[in-house]
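Encoded as C-alpha cells, the structure appears first; notes follow it.
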Amino acid sequence: MKKIFLNIILFLFPFFFLNVTQEYFVTNKLYLLGFGSLFLLLISGVELLLTKKISWQKNPFDNLILLFLTSVAVSTLFSSPNKIQALLNPNFGLAMMISLAVLYFYLSRNVRAIHESLLQSRIYHLGSIILSIITIIFYFQPFKNVALPQNLAFLKNPGFTPVGSQLDLAILLGFFIIIGIVNILKKGEKTSPLRSIIYHLGSIILPLTALFLTIYSLIKPVGTDVINHVSTLILPPFRLSWFAALEILKNPASAIIGIGPDNFSAIFTRVKDFAYNQSPLWQINSFNVSRSAILQILTETGIFGLLTFGLLIFNAIKQLVKGDHKGSPLQLFLFLYLIICLLIFPPSLILWFLFFILIAELSKIYNLGSNINKQIIDLSDLLPICVGIVIISLGLIGASGYFLGRTYASEYFFKKSIDGIALNNAKLVYDNQRQAIILNPYIERFRSSFAQTNILIANNLALKNKDGKITEQDRQTITQAIQAGISEGKVVVSLNPQKAGNWQSLASIYANIINAAAGADVWTISAFQRAILADPQNPVYRVSLGGVYYSQNKYDDALRFFEQAISLKPDWPNASYNYAWANFQKKNYPQAVNALQATIKLIDPKLNKADYDKALKELEEFKKMLPNEDVQVDQSGEKNQSGSLNLPTPPTTQISPKLELPKEASPEAK
C-alpha cells in the first residue's frame, strides 16, 4: 500500500488542483502532501500493530533533514507573529516542510525501487508527456470563445496550468528535459530507431516545445505603450531581497533564528527605497517571498536555518562527486539545476518538492553501494509498549488530520463566500466567511474580508435614507456591524502588527465610517500613521492620510503629507494633483498653478485623455485666481506616468447623530 500510494502522490502532484478553494492550485497540492503524508504514517502505524516490529534504516541525510526542519520550527515558534498562518504557508511553511520530509523518508526507503531510479521511471516519463501536451494545448486557449460554466471559467485563462504558476511550470519542465537528455545519451544506439524517435518525442521535443511557449508567455510584454510594456513575470527585486536578508543581521535574535516564516513582507517594506518607487513595481506595496529561496531561508530562519541547509547541500555535493557512493551524471546535473533555481528564483512548493525528491534519490544511491544496515526492534514480548506506541502515534496522526481537515474546510467555506459575491448574495458571503473564521480564526485574509463585509452591510443600511436619519433598529444593526468590522480589522492587526497592509486595512475601515461614528477620524489617522511607520517609503499611504486631513479642511496637514508623497514618488500625477488642490483650498494660487502644471507634465494624453483634459480645464480655473498674471501651460517634458486623478471623497455612510462607539474600537485599545 505504501509503495502504491507513493507512486500515486508522485504522479498526481504536478497535476492536482481543485476549484473548491480560493487559490485552486498550490493550496490543494499542499493539502495533498499533508493528507498523503499522514496516510503513509497511518499505514506504518497499522503495520507496527500487525507485525509488532519497528524497522529503521539509517540514511546519510536523515539528521540534516531533521536539523533543517528544527530550524524552521524554532523560527516559526519564536519569531513568526502569526504562527498558524506561518505553519500553513505554501512557499516556506513548517507543514509543507514536514510533509516533504515524510515523503523523503518513505521514498529513500522504498525497498522495491532501491535498485532503480525514480527519476528514470515511467511515472516521470509519462508525467512529462502529459504536462507538456497540456501546456501546448492551453497556450492556444482552446476555450477562449467557448461558453463555460462559472466554475470552469478558469480554463479560459491564458496562463492556465495545473502546476499553478507558469514560473513553476518552467522549472518543472526544465527538470524533465534534463532527465530526458541524460537518459537519451545513456541509451545511445541500444534502442530501435522507431522506439528512439518515440522516446525523443516524449522526453525532449514535447517538453522543449512546452518550455519555449511557457518562457515566451512569461517574458512577453503586456500593456499598450512602450513605458508600460512589463512582462507577465513579476519577481521581487533581487537587490531589495538582499537588503532584507542583511537587515535581519542588525538584531541578534533575528540574526540567529530570522524573522519567522510568512513574515517576509514585513521586512520588505522596511528596506524599500526611493529607487523602488521609480520602478514599474512601485504599486506593489510588498512581496510575500524573497527573490531567492536561499535568501528567504536566511531572512526567515536566520543564520541557523541557512547553516543547516548549507550543511545539507554540502553533504549532497560531497556524495555526488566523491566517495564510494558517487552519484550518476543525471543526479549531478539535476542537483546543480535545482541549486541554481534556489539561488535565482523565489521559494515555491514545486521547487521544494523537486529538491526533496532528489535528496531521496541520493540517499538510495548510498544504500545501493552500502551494506544496508536496517535495525529491527521486536516488540512481540513487550506488547504494552507496542500498543502504547501505536496509540500515541495514531493519536498524533488523528490530531494532525483533524487540524488539516479544519483548515482545509475553512478554505472551502471562504471560496463559497467568494462565489456569493459573484451571485450578489450578501447572506451567502456573510455566513460562509463567518464559518471559515470559526474553523480557522488565524488567517488574516479571512478576517480582513469579513471586516469589509460588515462595513459594507453598515454602508448599505445607512444609504437606505439619504438624509442620514435612520430608524432605531437600523441604528443598532449598523452599530453592531461597524463594531464587528472594527473588531475583525483589529484582530488582523493583532495577528501580525508588523505588516503595514494590516494597518492600512484597519485605517480604511475607520475611514469608511468617519461620517457615521464619533472619533473615527482620529482612529483613521492613528492607523495610517502606524501603516506609514511600517512602510515608510510608501507614497500611497501618505496621500491617503493627507486625504483624511483634506476632507476635514485641515489643509496644512494635508499639504505636508501630499508633499511627502511627491518627494517619495515625484512622477506620480495623483500626488501632485492632490497637492495642487490643497494649495488651491489654502488660496496659495501660484503654488496651486505650478503643482497642476507639474501634474499635466506627468500625464500621457494618449493613455489618459480624460485626466489630461480635466487637469487642463482645472488649470484654466486656477489661473483665473492669479492677480494680473498670464501663466502659460507648460506641456514640455516627458509624460511618463499614467493614473487616475482623484481628490479625497467623503465616505458614503452618513448618520446623524453619529454613532457612539466604545473606546475598545480605538486602534490603540487592546
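A few comments on the model shown:
- In the stretch 17-35, residue nearest to Ile350 (Cα to Cα) [restricted to those that are surrounded by fewer than 20 Cβ atoms within 10 Å (Cβ to Cβ) and over 17 Å from the mean Cα position of the chain (by Cα)]: Leu32
- Qualifying residue in the stretch 56-72 (condition: under 19 Å from the mean Cα position of the chain (by Cα) and touching a residue at least 12 places away in the same chain (Cβ under 8 Å)): yes
- In the set (1) under 23 Å from Val163 (Cα atoms); (2) at pLDDT 90 or above; (3) more than 23 Å from the chain's Cα centre (by Cα), Gly395 fails one condition alone, (1).
- A single entry from Phe345, Phe403, Phe353 fulfils the requirement of being at pLDDT 95 or above and not assigned by TED's automatic domain parsing to the domain that holds Arg109: Phe403.
- Subset of the stretch 476-519 that is part of a loop (DSSP other than H, G, I, E, B) and farther than 24 Å from Leu533 by Cβ - its residue that is modelled with the lowest pLDDT: Ala516
- The helices (runs of 4 or more DSSP H) found wholly in the stretch 71-153 and carrying at least 3 residues that are at pLDDT below 85 and not acidic (Asp, Glu) occupy 122-139.
- For the stretch 1-22, a residue qualifies if it is in contact (Cβ under 8 Å) with a residue 24 or more places away in the chain and either assigned to a loop (DSSP other than H, G, I, E, B) or within 23 Å of Ser410 (Cβ to Cβ) (or both), and the qualifying residues are Met1, Phe13, Pro14, Phe15, Phe16, Phe17, Asn19, Val20, Thr21, Gln22.
- Members of the stretch 266-300 that are small (Gly, Ala, Ser) and closer than 18 Å to Leu349 by Cβ: Ser290, Ser292, Ala293
- Residue match in the stretch 389-403 (condition: buried (at least 20 other Cβ atoms within 10 Å of the Cβ) and out of contact with any Asp or Glu (no Cβ under 6 Å at 6 or more places or on another chain)): no
- If the condition is being over 17 Å from the mean Cα position of the chain (by Cα) and surrounded by fewer than 21 Cβ atoms within 10 Å (Cβ to Cβ), then the stretch 343-353 contributes Leu343, Ile344.
The values are calculated or read from the model by the stated rules, or taken from the named source; none is laboratory data. Nothing here was measured: the structure is a model prediction, and the numbers come from that model. For neighbour counting, all protein chains shown are included, and Cβ atoms are generated from backbone atoms with ideal geometry for every residue, glycine included.
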